[in-house]
Amino acid sequence: MRFWYLGFLFALGCSSQVSKDIPVEGEEKADLRTRKNGVDWPTFLGPTQDGVSPEKGISTTWPKDGLKPIWEAQMGLGYAPPVVSKGRLFHFDRFGENNRLTCRNAETGKLLWKFEFPTDYEDRYGYSPGPRACPVVDEERVYIYGPEGMLHCLNAYNGKEIWKINTSKEYHVHQNFFGVGSVPVIEGDLLIVAIGGSPKGPRPNDLREAKGDGTGIVAFDKKTGKEKYRLSDELSSYSSPTIVTIGDRRWGFYFSRGGLLAFEPATGKIDFFHKWRAKSMESVNASNPVIVGDKVLISECYEKGAALLKIKNGAKPEEIWTDDEYDYREKHLKCHWNTPQHVDGYIYGSSGRHEDEAQLRCVELATGKIMWSEKGLERCSLTRIDGHFLCQAERGDLLLLKINPKKFDVVARWSTELDYPTWAAPVVSNGLMYVRGKNKLVCVELIPAK
């Protein structure tokens, strides 16, 4: 049964409120890491925003009863994975009528501080009303973007508020199917946020009739919250902006509700828009684009499937191949919320909208040819590390797979016993792996300490 609730938000702090930088000194600002052979995981999909960890030396022989937890903690409502910076783990979830950001010692789980703000967000389809988007850490600041549209900048060392914006009110955002779920991205002095506001007026029953007002993406000064530019009439999706270097320039890509938007992140100048969306009202784009050289792969699971585009400055993209010509069952790659991985000319990702139809696939990037396909994993998410994939299935099983374009190659398996849904991809930082289920976060050692 679908639950339809009345509208949006109220006044949770209606406009941007800026405080002076909060001085933090001494031990409070110290790097808490004792394990320093790895890297931080400060944002969605890790340090390079593609789900790839550069760490080496992972354990490939796992005990029959699974990897031993170092610490675990109860989580509130929501789906967001944690992030890690300077020995601190940040997690965003909901307890009761408050959204809560917690900061813990990443190695011990000790709670260091918490920040809360009130919310009355209710999901229109009965899903969890907790946060979908993970925190973003940038040096001494941490940013959170709640499902109701509250955007906060906090001091990462003590949780004090620096500035906040009620984006839903300021930009008149019609509530999306599952609230706000796009993770902001840092680029230089900018915080680039998918907002997707509309002209003032009631939310249409059919969201396909909603119009944009030029705030598809808004860039803010990351230190003050002051708006720097806005672009596009596109409405928001559950994909997140992705910033990469191609050739001699920086490119921004956002798989918006209606398709792929390309722009210059420093200025907000739009390069192109490539329409790619299912006709059904109740459909979303959620998987991040995968950029390989001058090519961009986009994929959705409701109707269209995947498309590989070739881009160049000052021109519309060229379609190298698409799933448009194939029947739904024959499409090459239909990614739901997971972002696929590229390795040496092949794409690996979970294909399928529903749990019973989902398959983990290896697809040749240049042609879309399916190299292999594995059933029985439900919908899953991948983290790439040390020649392997950590494959998190949504019913709790975690598999270690050897990256192999010729076959599905299982090295180890762990039944985590985490409650459904385990939708977040594993996070790895300084040899420790973090996995979360419905109400618990578990930390285990993936790389033995030296």
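The values are calculated or read from the model by the stated rules, or taken from the named source; none is laboratory data. Since we're looking at a predicted model, the values are computed, not measured. Backbone-built Cβ (ideal geometry, glycine too); neighbour counts: all protein chains shown.
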Original post:
How many of the residues in the stretch 257-278 are small (Gly, Ala, Ser), outside any strand (DSSP E or B) and touching a strand residue (DSSP E or B) at 6+ places or on another chain (Cβ under 8 Å)?
Top reply: 3
Original post:
Only one of these conditions is not met by Arg249: (1) surrounded by fewer than 18 Cβ atoms within 10 Å (Cβ to Cβ); (2) over 22 Å from Asn288 (Cα atoms). Which number is it?
Top reply: (2)
Original post:
If you check Tyr229 against the conditions, is it modelled with pLDDT of 95 or more and outside any loop (DSSP other than H, G, I, E, B)?
Top reply: yes
**OP:** Give the residues of the stretch 112-134 that are surrounded by fewer than 22 Cβ atoms within 10 Å (Cβ to Cβ), in contact with a Lys or Arg (Cβ under 6 Å, 6 or more places away or on another chain) and either within 14 Å of Leu77 (Cβ to Cβ) or without any contact (Cβ under 8 Å) to a residue 24 or more places away in the chain (or both), sorted by residue number.
**Re:** Glu116
Original post:
Considering the stretch 135-179 alone, what residues qualify as being among the hydroxyl-bearing types (Ser, Thr, Tyr) and either buried (at least 23 other Cβ atoms within 10 Å of the Cβ) or at positive phi (or both)?
Top reply: Tyr143, Tyr145, Thr167, Ser168
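Restricting attention to the stretch 398-426, which residues are of a type in the set (Asp, Glu) and closer than 22 Å to Val52 by Cβ? Show your work before the answer.
Just the residues of the stretch 398-426 that are of a type in the set (Asp, Glu), to begin with: 409, 417, 419.
Correct list: Asp409 only.
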Original post:
Which residues, counting only those in the stretch 235-283, are of a type in the set (S, T, N, Q), touching a residue at least 24 places away in the same chain (Cβ under 8 Å) and closer than 23 Å to Asn338 by Cβ?
Top reply: Ser236, Ser237, Ser239, Ser240, Thr242, Ser256
Original post:
Only one of these conditions is not met by Gly387: (1) in contact (Cβ under 8 Å) with a residue 24 or more places away in the chain; (2) closer than 17 Å to Ile447 by Cβ. Which number is it?
Top reply: (1)
Original post:
Which of the residues spanning the stretch 398-431 are out of contact with any Phe, Trp or Tyr (no Cβ under 9 Å at 6 or more places or on another chain), surrounded by 23 or more Cβ atoms within 10 Å (Cβ to Cβ) and in contact (Cβ under 8 Å) with a residue 40 or more places away in the chain?
Top reply: Ala425
Subject >> the stretch 86-98: number of residues that are farther than 17 Å from Ala73 by Cβ and touching a residue at least 40 places away in the same chain (Cβ under 8 Å) >> reply: 1
Original post:
Which residue pairs have Cβ atoms under 7 Å apart, sit 6 or more places apart or on different chains, and have a first residue in the stretch 163-186 that is at pLDDT 95 or above and of a type in the set (Val, Ile, Thr) and a second that is surrounded by 20 or more Cβ atoms within 10 Å (Cβ to Cβ) and part of a helix (DSSP H, G or I)?
Top reply: Val173/Thr167
**OP:** Please go through the stretch 365-411 and pick out each residue that is assigned to a loop (DSSP other than H, G, I, E, B) and among the acidic types (Asp, Glu).
**Re:** Glu378, Asp386, Glu394, Asp409
Subject >> Enumerated strands (runs of 3 or more DSSP E) restricted to the stretch 36-96, each holding at least 1 residues that are buried (at least 20 other Cβ atoms within 10 Å of the Cβ) and aromatic (Phe, Trp, Tyr) >> reply: 88-95
